[in-house]
Amino acid sequence: MKAVIVEDEAIASRRLANLIGELAPEMEIVGQVTSVENGSRWFAENSMPDLIFLDIQLNDGYGFDILDRLEDHPPVIFTTAYNEYAIRGFKYNGIDYLLKPIDKNDLRDALYKFRKNSVAVPSETDKIAELKKLFSKEFKKRFMVKVGNHFNTFQVEDIAYFKSHDGLIFLHSHSGQEFPIEYSIDQLEDILDPVQFFRINRKFMVSVQAVQEIHTYFNSRLLLKLQPKEEEQVIVSRERTSNFKRWLDL
């Protein structure tokens, strides 16, 4: 069984390939392409795979653009940081629609559906049920932090950014308060609404309200000025710059 990954972030592509290798060792990744142009060329020069993992928003267009250029294509598992394309995705023989960061259990369920649907075509009722599941996903709404001998609760709307420092993760509120929390950046990326928060590098996850200024930085990166002010340089990593711009709708 052969699959192709269409993903413009190298880290995300490698992580997805590793998860597929763990959950579906019988599946061979025969191609990993990073753009509409490269994807169109790959499908023109190679045999059609059994499954496509397709990022919707690419550096030079949309994953849909690749599918539109094919006369026919196999089932697709869509991967994206946004959910507004879900309905359109199911029109392209979509097996599932996974929100980034890809959850291992969600991917396991998607692969199960692919195996199941290889012998049974999903009904419209099944597709509608999947859409309802997607849009009903709950994200974390508040954090409880210890302040001296008592606890305070912070609503997600009151949080400016999260920062990793000396092995701990600190919550920074819009009012300038700072408290350690018992979460990793990876965990935060999974439980926070991706419309409101974006992981810009290994150390920072920022809210859209905290981004005050954006400056170009060397090596195709971006330098951010946050509010409240962060003394350390806050830099969007090169592999996340394109998606960060799309997140802010630049």
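What follows draws every value from the coordinates through simple rules; no lab data is involved. Remember, it's a predicted structure, so these values are computed and weren't measured experimentally. Because the Cβ atoms are built from the backbone with ideal geometry, glycine has one as well, and the counts that use them run over all protein chains shown.
Descriptive notes on the structure:
- Cα gyration tensor shape of the range 200-240, rounded if a/c is under 1.5, else prolate or oblate by comparing a/b with b/c: prolate
- Taking a ≥ b ≥ c as the square roots of the eigenvalues of the Cα gyration tensor, the range 1-72 is oblate, since a/c reaches 1.5 or more and a/b is not larger than b/c.
- Most positive-pole-ward Cα, Ile185, Ala10, Gly31, against dipole of the chain from beta carbon charges: Ile185
- Value of [θ]222 nm, deg cm²/dmol, for the chain, DSSP H segments ≥ 4, -39500 (n - 2.57) each, nearest 500: -9000 deg cm²/dmol
- Formal net charge of residues neighbouring Leu168 (Cβ-Cβ distance under 12 Å; K, R +1; D, E -1): -1
- Efficiency of FRET between Asp68 and Tyr217 - r from beta-carbon atoms, R0 30 angstrom, step 0.05: 0.30
- Among the chymotrypsin sites (Phe, Trp or Tyr not before Pro) in the range 171-250, those located in a DSSP loop and surrounded by at most 13 other Cβ atoms within 10 Å of their own Cβ are Phe218.
- Taking the DSSP bridge list for the chain and keeping only pairs wholly inside it, about 65 percent are antiparallel.
- Cα shape, the range 142-248, gyration tensor, a/c 1.5 rule: prolate
- Helices meeting the span-like rule in the chain (full DSSP H runs, Cα extent of at least 15 Å along the helix axis, mean Kyte-Doolittle score of 1.0 or higher) are absent.
- Spin-label model, Gln209 to Ser164: label points 7 Å out along the Cα-to-beta-carbon direction sit 2.6 nm apart.
- DSSP-loop GluC sites (Glu not before Pro) across the range 177-250, with at most 15 other Cβ within 10 angstrom: Glu182, Glu231, Glu232
- Exposure proxy order (Cβ contacts within 10 Å, fewest to most) of Glu71, Glu9: Glu71, Glu9
- Among the trypsin sites (Lys or Arg not before Pro) within the range 163-250, those in coil by DSSP and having at most 13 neighbouring Cβ atoms inside 10 Å are Arg202, Lys229.
- Relative to one another, the C-alpha centroids of the range 44-78 and the range 185-229 are positioned 29 Å apart.
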